[in-house]
Amino acid sequence: MATVHLRIGDLVWGKLGRYPPWPGKVVSPPKDLKKPRGKKCHFVKFFGTEDHAWIKVEQLKPYHPHKEEMIKINKGKRFQQAVDAVEDFLKKAKGKEQNSDSKAESKGKKTRNKPLKILEEDDEDLSALKDPSEKDTGSTSIQAADSTAINGSITPTDKRIGFLGLGLMGSGIVSNLLKMGHVVTVWNRTAEKCDLFTQEGARLGRTPAEVASTCDITFSCVSDPKAARDLVMGPSGVLQGIRPGKCYIEMSTVDPETITEISQVITSRGGRFLEAPVAGSQQLSNDGMLVILAAGDRTVYEDCSSCFQAMGKTSFFLGEAGNAARMMLILNMVQGSFMATIAEGLTLAHATGQSQQTFLDILSQGQMASTFVDQKCQNILQGNFKPDYYLKHIQKDLRLAISMGDTANHPTPMAAAANEVYKRAKALDQSDNDISAVYRAYIH
């Protein structure tokens, strides 16, 4: 591969994952920062933030030749502030350069930029660092996956990690745990799914009980309450491997009652329990950009700090076990209802002779504009329903949220209406498609 001719101090446009190109400067990485494996990259500090990241060379462009192009395609207040920060930097740098040049000439010397050593990067993009000044939400939050790069790389825990369930979400999580140097043992009901991860350095567990008994911290991420309970209390289940001090973390999106039941049986054996469902999608899981909602044993939450940093952009501690399940169901209730409404709008536009693409273009310029809306609508218009989050799972979450509302004697009429649309989509064999396939419930 041809070398990209960039030096430390050069200004660039860097593209990281799903984010738009952003102005930055090539800088020296901290001495103790772990070198990424894989493709060649440069370490970049982004203007307008305190963010740093390894960026693959093919995702970098020199700043000045591409400035006008980038300003045309990127909008927004934060982007403009970043560009302004570059201009301020250039003005200050020019003044310093003139001053240093005169001193260098008087000594008969010329200053040079030090060439940047090109490092190796993993195939997956690393997440940008979070701004440490981010507004406090009122909950305890661990910083973004790479935020520790300000002080060096993530230091993986020396505890042995187990992971049960390698579905859409679990696969990305395990990949990022391995990438950041954790020692991971994996198990999946369909054993073939483990092969990719054992090739990447994971160990293979024969049963959930074996994983729980040989690991210090065991994570689980499965499809529904029944699967979660069976994994713990079924034959060769986690409970058989739990000993005093062993940690079990339930990442599945389930109801609070299931969490209470699992928590009780784990702690009855002297184990320590934490629930940690995740908000996101397969793509966000792959990118290490999940949002983790944790509740239960606070010491387990702290012990898992490096794991949560590897898999997510931020993590919240919500108090006693059950609270994370409640919050997760509320979030997914809103997301599912919103997706159904967007699909309804698209079909109504078509039924009334309006352009669906124009509907999306207008939507993307208004207050509801978001990456979620854009991606899901584009998928619908392209007829691409490859799952990023299974339709059957969002319907399950809506059902559980409605039940939770019933328990609290709180009405959920919008969720109930959306749930019926998803049930119709399931009847049309859309269960294993993406949630955006709810669109098909309106056209059949």
(message) I'd like the FRET efficiency for Lys226 and Val27, computed as 1/(1 + (r/R0)^6) with the beta carbon distance as r and R0 of 35 Å, rounded to 0.05.
(response) 0.10
(request) Please report how far the C-alpha centroid of the stretch 199-240 lies from that of the stretch 340-398, rounded to the nearest whole angstrom. (result) 36 Å
(request) Would you mind putting 393-405, 223-235 in packing order, based on average other-beta-carbon counts within 10 Å, highest first? (result) 393-405, 223-235
(message) Amide H of Gly9 versus every other amide H placed in the peptide plane: which residues, excluding those fewer than 5 positions away on the same chain, fall under 5 Å?
(response) Val26, Val27
(request) Could you please state how large a percent of the accessible area of the stretch 10-90 is carbon and sulfur, counting protein chains only and using a 1.4 Å probe? (result) 55 percent
(request) Quote the charge dipole size of the stretch 10-90 about the Cα centre in Debye, to the nearest 20; the model charges only the Cβ of Lys and Arg (+1) and of Asp and Glu (-1). (result) 520 debye
(request) Enumerate the amide H contacts of Phe163 below 5 Å, restricted to partners 5 or more residues apart or on another chain; note that Pro and chain-start residues carry no placed amide H. (result) Thr185, Val186, Trp187, Phe219
(message) Sort 296-303, 283-290 by the packing proxy (mean of other Cβ within 10 Å over each peptide's residues), most packed first.
(response) 283-290, 296-303
(request) Could you run the Karplus curve 6.51 cos²θ - 1.76 cosθ + 1.60 with θ = phi - 60° over the stretch 339-344 and give me ³J(HN,Hα) per residue in whole Hz, x for Gly and Pro? (result) 4, 5, 5, 4, 4, 5
(message) As a test of reading the structure, rank Phe219, Phe359 by solvent-accessible area (1.4 Å probe, protein chains only), most first.
(response) Phe359, Phe219
(request) Counting only C-alpha contacts under 8 Å and six or more residues apart, can you give the relative contact order of the stretch 10-90 as a whole percent? (result) 33 percent
(message) Among 366-374, 208-216, 59-67, 266-274, how do they line up by average Cβ neighbours within 10 Å per residue, starting with the highest?
(response) 208-216, 266-274, 59-67, 366-374
(message) Probe of 1.4 angstrom, ligands and nucleic acids ignored: what's the accessible area per residue over the stretch 10-90, in square angstrom?
(response) 52 Å²
(message) Using the Karplus curve 6.51 cos²θ - 1.76 cosθ + 1.60 with θ = phi - 60°, what ³J(HN,Hα) values do you get for each residue of the stretch 321-330, in whole Hz, with x for Gly and Pro?
(response) 4, x, 5, 5, 4, 4, 5, 5, 5, 5
(message) What is the percent carbon and sulfur in the accessible area of the stretch 144-321, measuring with a 1.4 Å probe over the protein chains and ignoring ligands?
(response) 48 percent
(message) Expected output is a single nm value to one decimal: the length gained when fully extending between Ala351 and Asp216, i.e. 0.36 nm times separation in residues minus the C-alpha distance. What is it?
(response) 42.9 nm
(request) Given a cut-off of 29 Å, name the pairs among Lys15/Lys386; Lys91/Lys179; Lys92/Lys313; Lys25/Lys159; Lys61/Lys91 whose C-alpha atoms lie farther apart than that in the structure shown. (result) Lys91/Lys179; Lys92/Lys313; Lys25/Lys159
(message) I want to check the label-to-label distance for Leu90 and Leu428. Put each point 7 Å from Cα in the C-beta direction and report it in nm to one decimal.
(response) 5.2 nm
(message) Starting from 0.36 nm per residue, how many nanometres of slack lie between Met414 and Thr190 once their C-alpha separation is accounted for?
(response) 77.0 nm
(request) Give, in nm to one decimal, the length gained when the segment between Arg78 and Ala369 is fully stretched (0.36 nm per residue of separation minus the Cα-Cα distance). (result) 103.2 nm
(request) Taking amide H positions as placed in the peptide plane 1.01 Å from N, state which residues far from Thr314 in sequence (5 or more) or on other chains have amide H under 5 Å from it. (result) Ile292
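The values are calculated or read from the model by the stated rules, or taken from the named source; none is laboratory data. Because the structure is a prediction, the values reported are computed rather than measured. So basically every Cβ, Gly included, is an ideal-geometry build from the backbone, and we count neighbours across all protein chains shown. In case anyone asks, the SASA skips ligands and DNA or RNA and just uses the protein heavy atoms, side chains included. Shrake-Rupley method; radii C 1.70, N 1.55, O 1.52, S 1.80 Å.
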